[in-house]
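Colleague: Quick one: the structure is below, and I'll ask about it shortly.
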Amino acid sequence: MSYSKKRIEYNNKWPNEVIIFSAQKAFLELLNDKGIINILRPIKLPLIENYEFQRLLSFKIDIYEQLPNRPDIGFDLAWRTFEAYSTYIAKKSNWSVSKTWKITNKISEDFFINQYNNNSELNSAFKELTKAVPLQATEYLIKKLFEEESSAIKSQQRQITDRVKDCIGNELFDAIEKKYGDLNADTQRRAGMLLQILLSGREIELEEKKYQLSQLQIIKLLINGILYTYRNERFHGDAFSPFKSSMTKIKTYAHSYYLLISTYFFISQLIYKDYPNLIELSEIAKSLNENTVRYNLVFEKHIKK
């Protein structure tokens with residue numbers, strides 16, 4: 001049955017019959033083979049009755065209802081929570097910045113990097129997370145940066161470009177564009193692999209010059225490059241549903257799940273920032289690292305694809 005027909009069948013037979021697409025079946029079988037019910041495990045929280053916290057928590061627990069089948073929708077909800085929580089902290093702190101990406105930059109500069117510097121377990125958990133970034137995610141960012149304007153939403157492409165330049169600097173961005181900007185399947189893949197190396201904290205050589213991102217640059221690139229770009233396309237409806245397509249593969253799940261566990265990582269850091277006396281940062285670090293361990297166990301053969 002063609003996927004066009006399958007989608008029509010899904011629409012016409014729901015809710016009396018729910019059609020399982022082949023990639024979903026393969027993914028559920030993979031989870032079962034690995035002995036895992038769900039990749040994401042929440043951090044444990046004490047009772048916090050503050051209204052704003054409970055409001056944000058209501059979005060956060062919505063995530064769990066989308067799993068394990070729809071990590072992309074789980075990510076949408078996680079990003080909404082992260083964005084709302086970041087804005088709440090900015091207002092609470094009387095910051096003058098109002099643009100979301102400027103707020104997340106300041107949060108990265110004022111809170112996230114300091115948490116890593118002051119807690120070795122959290123720092124180690126974050127490094128393991130960045131080492132696990134799948135090629136699907138980095139290739140996706142490269143595609144959105146350098147694809148022809150005729151096949152992209154021009155204004156959004158400009159926003160993505162501006163954010164990535166802010167993260168890694170104009171010089172490195174220009175060097176990547178010079179070498180890989182003439183986009184085809186090969187250059188997209190090689191540029192994606194380059195970003196994997198940079199996000200892992202390792203040094204690269206490009207155009208006879210060496211580059212290595214600081215940890216703060218890595219945080220910003222993950223948030224305002226990798227995460228924002230995926231969120232942006234989904235928000236503007238510039239794509240097929242990722243799990244109702246003939247192109248869906250296990251690596252499609254790896255992509256969405258990585259964005260989900262990364263966003264959840266940052267949400268957890270915001271919770272600690274707000275309630276440092278009620279939660280142990282080391283305990284948060286252990287839980288977040290377990291998410292990465294489960295992710296790697298499930299997708300170990302698909303991260304480099």
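The values are calculated or read from the model by the stated rules, or taken from the named source; none is laboratory data. No experiment lies behind these values; they were computed from the predicted model shown. With ideal geometry, Cβ positions are generated from the backbone for all residues, glycine too; neighbour counts draw on all protein chains shown. Remember, those area values only see protein heavy atoms, side chains included, never the ligands or the DNA or RNA. Shrake-Rupley method; radii C 1.70, N 1.55, O 1.52, S 1.80 Å.
Colleague: Just the Cα atoms of the stretch 34-166, one point each, no solvent: what log10 I(q)/I(0) does Debye give at q = 0.09, 0.13 Å⁻¹?
Modeller: One equal scatterer on each Cα of the stretch 34-166 leads to -0.37, -0.81.
Colleague: Let me ask another. Please give me the summed charge of the neighbours of Ile61: other residues whose Cβ is under 14 Å from its Cβ, Lys and Arg +1, Asp and Glu -1.
Modeller: Once all neighbours under 14 Å are counted, the net charge is +3.
Colleague: Given the whole protein assembly as supplied and a 1.4 Å probe, what does the accessible area of Lys179 come to in Å², nearest 10?
Modeller: Roll a 1.4 Å probe over it and Lys179 shows about 100 Å².
Colleague: Pull out the extension gain between Ala185 and Ser214, defined as 0.36 nm times the separation in residues minus the alpha carbon to alpha carbon distance; nm, one decimal.
Modeller: 7.6 nm
Colleague: Next question, about the same structure. Could you calculate the FRET efficiency of Asn38 with Lys305 from 1/(1 + (r/R0)^6), where r is the beta carbon distance between them and R0 is 22 Å, rounded to 0.05?
Modeller: Using R0 = 22 Å, I get an efficiency of 0.45.
Colleague: GNM on the chain, C-alpha springs below 10 Å: top fluctuator among Gln54, Gln157, Gln66?
Modeller: Of Gln54, Gln157, Gln66, the Gaussian network model singles out Gln54 as fluctuating most.
Colleague: Using protein chains only and a probe of 1.4 angstrom, how many square angstrom of Ser22 are accessible, to the nearest 10?
Modeller: Ignoring ligands and nucleic acids, Ser22 comes out at about 70 Å².
Colleague: Please arrange Ile284, Ile20 by accessible surface area, largest first, computed with a 1.4 Å probe and ligands excluded.
Modeller: Descending accessible area places them as Ile20, Ile284.
Colleague: Same structure again: Toward the positive end of the charge dipole of the chain, about the Cα centre and with charges on Cβ (Lys, Arg +1; Asp, Glu -1), which of Ile261, Leu141, Ser4 goes farthest?
Modeller: Of the candidates, Ser4 comes out farthest on the positive side.
Colleague: Taking 4 °C and 1.567 mPa s as the conditions, I'd like the Stokes-Einstein D for the stretch 76-129 in µm²/s, using the Kirkwood hydrodynamic radius from alpha carbon pairs.
Modeller: Here the translational diffusion coefficient equals 107 µm²/s.
Colleague: Determine by what factor the alpha-carbon radius of gyration of the stretch 212-305 differs from 2.2 N^0.38 Å, reporting the quotient.
Modeller: Ratio of Rg to 2.2 N^0.38 Å for the stretch 212-305: 1.25.
Colleague: Further, regarding this structure: So, with +1 on the Cβ of K and R and -1 on the Cβ of D and E, and no other charges, what is the size of the charge dipole of the chain about its Cα centre, to the nearest 20 debye?
Modeller: About 500 debye.
Colleague: Same structure again: Cross-link list Lys34/Lys244; Lys5/Lys143; Lys144/Lys178; Lys131/Lys305; Lys91/Lys220: which exceed 18 angstrom alpha carbon to alpha carbon?
Modeller: Lys34/Lys244; Lys5/Lys143; Lys91/Lys220
Colleague: A further question follows. Given (i) 32, 59, 9, 0; (ii) 29, 51, 19, 2; (iii) 30, 56, 14, 0 as candidate values of P(r) over Cα pairs in 20 Å bins from 0, in percent, which corresponds to the one derived from the coordinates?
Modeller: (i)
Colleague: Which of the helices in the chain meet the span-like rule: DSSP H, Cα axial reach of 20 Å or more, Kyte-Doolittle mean at least 0.0?
Modeller: 185-199, 250-274
Colleague: Mind checking which aspartates and glutamates have their Cα closer than 16 Å to the Cα of Lys209? Skip sequence neighbours fewer than 8 apart in that chain.
Modeller: Partners within reach: Glu171, Asp174, Glu177.
Colleague: Compute the FRET efficiency between Lys6 and Lys286 as 1/(1 + (r/R0)^6), taking r as their Cβ-Cβ distance and R0 = 35 Å, and round to the nearest 0.05.
Modeller: The formula returns an efficiency of 0.25 here.
Colleague: Taking 0.36 nm per residue of sequence separation and subtracting the Cα-Cα distance, how much length would be gained by fully extending the chain between Ser98 and Gln54, in nm to one decimal?
Modeller: Between Ser98 and Gln54, full extension yields an extra 13.5 nm.
Colleague: With a 1.4 Å probe and every protein chain left in place, tell me how much accessible area Met193 has, in Å² to the nearest 10.
Modeller: 90
Colleague: Next up: Can you give the relative contact order of the chain as a percent, counting alpha carbon pairs under 8 Å and 6+ residues apart?
Modeller: 30
Colleague: I need the Kirkwood Rh of the stretch 114-206: take the reciprocal of the average 1/r across all distinct C-alpha pairs and report it in angstrom.
Modeller: Kirkwood radius, the stretch 114-206: 14.3 Å.
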